[in-house]
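> Structure provided below as structure tokens; questions to follow.
The values are calculated or read from the model by the stated rules, or taken from the named source; none is laboratory data. Quick caveat, the model's predicted, so the values are computed rather than measured. For neighbour counting, all protein chains shown are included, and Cβ atoms are generated from backbone atoms with ideal geometry for every residue, glycine included.
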Amino acid sequence: MNIAIIGAGLMGHALALVFAIGGHRVTLTDTSAEALARAPGLMEKARATLEAAGEAGGLSAEDLRARVTLHEGLAATVAEAGLVIEAIIEKPDPKRALYAELDRLMPEEAILASNTSYLDVFPLMPARRLKRAIIMHWYTPPYLVDLVDLVGSPECPEALLEEVRAMLAAMGKVPLVMRRFLPGYIANRLQSALSLECYRLMDEGYATPQEIDEAIIHGLALRMLLLGQMAKGDLTGLPLSAQALANRMYTPPTPSGHSTTLDAALAEGRTGVMAGRGLYDWGPPGEDYDPAAILAERDRRLLALKRAFRAIGPMAGYAHSPSKEPT
């Protein structure tokens, strides 16, 4: 299938790499000439990291250049696309304007997909496109994180969702089909709840960023990788879960819309790895500081973890749940 990706930023260029590894032809565009020019180098660096770990699917640097082409204009990008993926800024007005333009330019039978994390984009799309409109939400970096959330528009037939699900599964991804739209889907909602508590612990002086991460890495994450959360309850016994609920041992923080810890970091220009500092110091900014090297090291370690987990696998009860409740 020919894939068109609108937006060459953090997610867009990485999605282009994912589909190129999957054997698809990809056209990529962005309104920012700088972002579009930067995309090939970012894709190649990630591809080389995957290749070194034996996870590039045989995609060579030459193959990548042949399968992913860059286009300045939207019309040329979508002219032959069977699937158009929108990966632009998470704001309604720019998305609505883009969908109107795509409606004029993309083929009638093409699937229109959005990588939105929280917006219900279906009301923003032209009505006549809704029968072939879906949300296809990926996680960063998509060439390593296999989960993909799929949501069909209210008018999207199940057969179309199944076609997309099967395509992604054939690429080695784990597509999760939601029964209806829910902001944040499942993983992002759980992550948001965890982040809310993390910032409360820092704001109120209970823990440092490093202490929180150590508690997650050495306490929660090891079991979660193998069991998830719900299967863990079965292994420890559901009476314990019931007792914890009855005791009301935990009161969630009330969302305030901001964090003093986060506000202070941003006010000081500590925006994260790209700036050299965030909640951690990653290295002094300057000519010798290379944030891409840090991201590549992240990728290398995630690949090693994926290989190990592929050999171990999840617990059987978690992988083959006997009951499926509606999402």
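> Among the residues of region 26-33, are any more than 17 Å from residue 1 (Cβ to Cβ) and part of a helix (DSSP H, G or I)?
Scanning region 26-33 turns up at least one residue that is more than 17 Å from residue 1 (Cβ to Cβ) and part of a helix (DSSP H, G or I).
> Contact list please: Cβ distance under 7 Å, first residue in region 302-313 and over 16 Å from residue 51 (Cα atoms), second residue surrounded by 11 or more Cβ atoms within 10 Å (Cβ to Cβ) and not aromatic (Phe, Trp, Tyr), pairs at least six apart or on different chains.
Taking only residues 6 or more apart or on different chains, the pairs are 309/225.
> Looking at region 221-235, can you tell me whether even one residue there is at pLDDT 85 or above, loosely packed, with under 12 Cβ neighbours inside 10 Å and part of a loop (DSSP other than H, G, I, E, B)?
Yes, the conditions are met somewhere in region 221-235.
> Restricting to strands (runs of 3 or more DSSP E) lying wholly in region 59-135: which have 2 or more residues that are β-branched (Val, Ile, Thr), touching a residue at least 12 places away in the same chain (Cβ under 8 Å) and assigned by TED's automatic domain parsing to the domain that holds residue 20?
Because the criterion is at least 2 residues that are β-branched (Val, Ile, Thr), touching a residue at least 12 places away in the same chain (Cβ under 8 Å) and assigned by TED's automatic domain parsing to the domain that holds residue 20, the strands (runs of 3 or more DSSP E) in region 59-135 that meet it are 68-70, 83-86.
> What tally of residues in region 182-214 results from selecting those that are touching a helix residue (DSSP H, G or I) at 6+ places or on another chain (Cβ under 7 Å), surrounded by fewer than 17 Cβ atoms within 10 Å (Cβ to Cβ) and in contact (Cβ under 8 Å) with a residue 24 or more places away in the chain?
2
> Then there is this: Could you look through region 178-196, keep only residues that are touching a Phe, Trp or Tyr at 6+ places or on another chain (Cβ under 9 Å) and assigned to a helix (DSSP H, G or I), and pick out the one that is farthest from residue 90 (Cα to Cα)?
187
> Looking at this structure, is residue 142 in a loop (DSSP other than H, G, I, E, B), modelled with pLDDT of 95 or more and within 20 Å of the chain's Cα centre (by Cα)?
yes
> Going through region 24-66 one residue at a time, which ones are among the polar types (S, T, N, Q) and crowded, with 16+ Cβ neighbours inside 10 Å?
Passing the criteria: 27, 29, 49.
> Let me ask something additional. Filter region 76-120 down to the residues that are of a type in the set (S, T, N, Q) and modelled with pLDDT of 95 or more, then identify the one that is farthest from residue 150 (Cα to Cα). Step through it out loud before you land on a result.
Here is the first cut: in region 76-120, the ones of a type in the set (S, T, N, Q) are 77, 114-117.
In the following step, the residues that additionally are modelled with pLDDT of 95 or more were identified as 77, 114-116.
On the way: 77: 23, 114: 10, 115: 10, 116: 11 Å.
Here the residue is 77.
> Note down all Cβ pairs under 6 Å where the first residue falls in region 20-44 and is at pLDDT 95 or above, the second is among the aromatic types (Phe, Trp, Tyr), and they're at least six residues apart or on different chains.
If the second residue must be among the aromatic types (Phe, Trp, Tyr), the pairs left are 26/19.
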